[in-house]
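Working notes, structure below.
Where a number appears in this text, it was derived from the coordinates with a stated rule and is not lab data. In this text the structure is predicted, and so the values were computed from the model without any measurement. Neighbour counts are summed over all protein chains in view; Cβ atoms, including those assigned to glycine, are modelled from backbone coordinates with ideal geometry.
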Amino acid sequence: MGNPLFTILRTGVITQRDLFPALPDDANGLPMVTASPCLGVECGRCAKVCPTKAIGVIDDVVTLDRGRCIGCNACVEICSSGTLERDLSTQTAVATREELLLTNRTKPTTASIPTHLPFRRSMHIREVSTGDNASDLEVVASTNAIFDIARFGIHFVASPRFADALLVTGPVGRAMNEPLRRCYEAMAEPHIVIAVGVSAISGGLHGGGYAEANGVSGLLPVSAYIPGDPPHPWSIIHGILLAMGRLRHA
């Protein structure tokens with residue numbers, strides 16, 4: 001067995017020092033709405049191609065709901081006016097559901113995050129997965145040596161009784177409502193909820209189905225929404241820090 005110290009010295013530090021770097025050029029990212037004039041209902045191809053009905057077009061106003069967007073970028077590929085483009089930013093988390101609604105007319109209102117939260121310096125998180133392995137894997141990746149979420153004072157715990165935040169992934173089907181509510185009620189005050197991934201926000205592709213899998217916001221109060229399917233580890237870290245009150249909106 002090799003010497004661990006020699007291994008560390010040979011490998012060097014692999015933790016990314018630059019916070020929230022942009023995604024590489026060959027990544028999809030999430031779509032964003034630009035100021036370029038939209039062709040409106042005469043075109044409407046973006047709305048027709050969207051598999052989750054995340055896009056609406058009225059007259060020449062296009063609205064993109066990132067809370068429903070799975071990041072397939074089919075709308076970007078078919079948009080001929082440049083109104084929809086790729087967004088390679090990893091700072092995509094927001095504090096309110098309304099801020100996930102992007103339009104080419106008015107900017108969404110940015111909510112202010114309290115700066116006096118008791119867990120501003122550190123946070124213990126209990127994750128509950130309701131059926132989104134992709135987002136679960138990205139949450140796990142945020143704890144590895146590259147992203148090292150622990151350097152921000154953020155740690156995952158096994159029991160909700162020791163948690164400050166409930167991190168939810170998956171569409172939250174009807175059968176998970178009661179277990180999730182019990183987990184939330186077992187947490188000591190104050191505590192918050194963070195929705196990770198489009199499934200946890202709106203149900204994504206599962207929304208409106210027989211299982212009533214429409215996300216967590218209808219069940220529990222949410223303090224931060226992290227869009228993506230799944231979101232990048234940096235986006236997850238950004239959302240958690242935002243919920244802690246340690247970041248301003250980008």
Largest fluctuation, Gly209, Gly71, Gly239 only, Gaussian network model of the chain with Cα springs under 10 angstrom, belongs to Gly209
Under Karplus coefficients 6.51, -1.76 and 1.60, residue-wise ³J(HN,Hα) of the range 162-170 in Hz, glycine/proline x = 10, 9, 9, 9, 9, 9, 10, 10, x
Rounded to the nearest 500, the 222 nm mean residue ellipticity computed for the chain from DSSP H runs (n ≥ 4, each -39500 (n - 2.57)) alone is -5500 deg cm²/dmol
Give, to the nearest whole percent, the P(r) tail of the range 123-244 beyond 18 angstrom, counting all Cα pairs.
-> 45
Using unit Cβ charges (K, R positive; D, E negative) and no other charged atoms, how large, in debye to the nearest 20, is the dipole of the chain about its Cα centre?
-> 560
Highest-fluctuation residue, Thr130, Thr15, Thr92 considered, GNM on the chain with Cα pairs under 10 Å = Thr15
Local net charge near Gly153, Cβ-Cβ under 11 Å (Lys/Arg +1, Asp/Glu -1) = +3
In the Gaussian network model of the chain, springs joining C-alpha atoms below 10 Å, which of Leu64, Leu102, Leu137 carries the largest mean-square fluctuation?
-> Leu137
log₁₀ I(q)/I(0) of the chain at q = 0.12 Å⁻¹, via Debye over equal Cα point scatterers, no solvent, to two decimals?
-> -0.71
Could you sort 41-52, 219-230 so that the peptide with the highest average Cβ count within 10 Å comes first and the rest follow in order?
-> 219-230, 41-52
If Phe162, Phe6, Phe152 are placed from fewest to most neighbouring beta carbons inside 10 Å, the sequence is Phe6, Phe162, Phe152
Which Cys residues of the chain have no other Cys beta carbon under 4.7 Å away?
-> Cys38, Cys43, Cys50, Cys69, Cys72, Cys79, Cys183
Positive dipole terminus of the chain, leading residue within Met176, Thr11, Leu39 (C-beta point charges) | Thr11
Where does each of Asp132, Asp18, Asp60 land when they are ranked from fewest to most other beta-carbon atoms within 10 angstrom?
-> Asp18, Asp60, Asp132
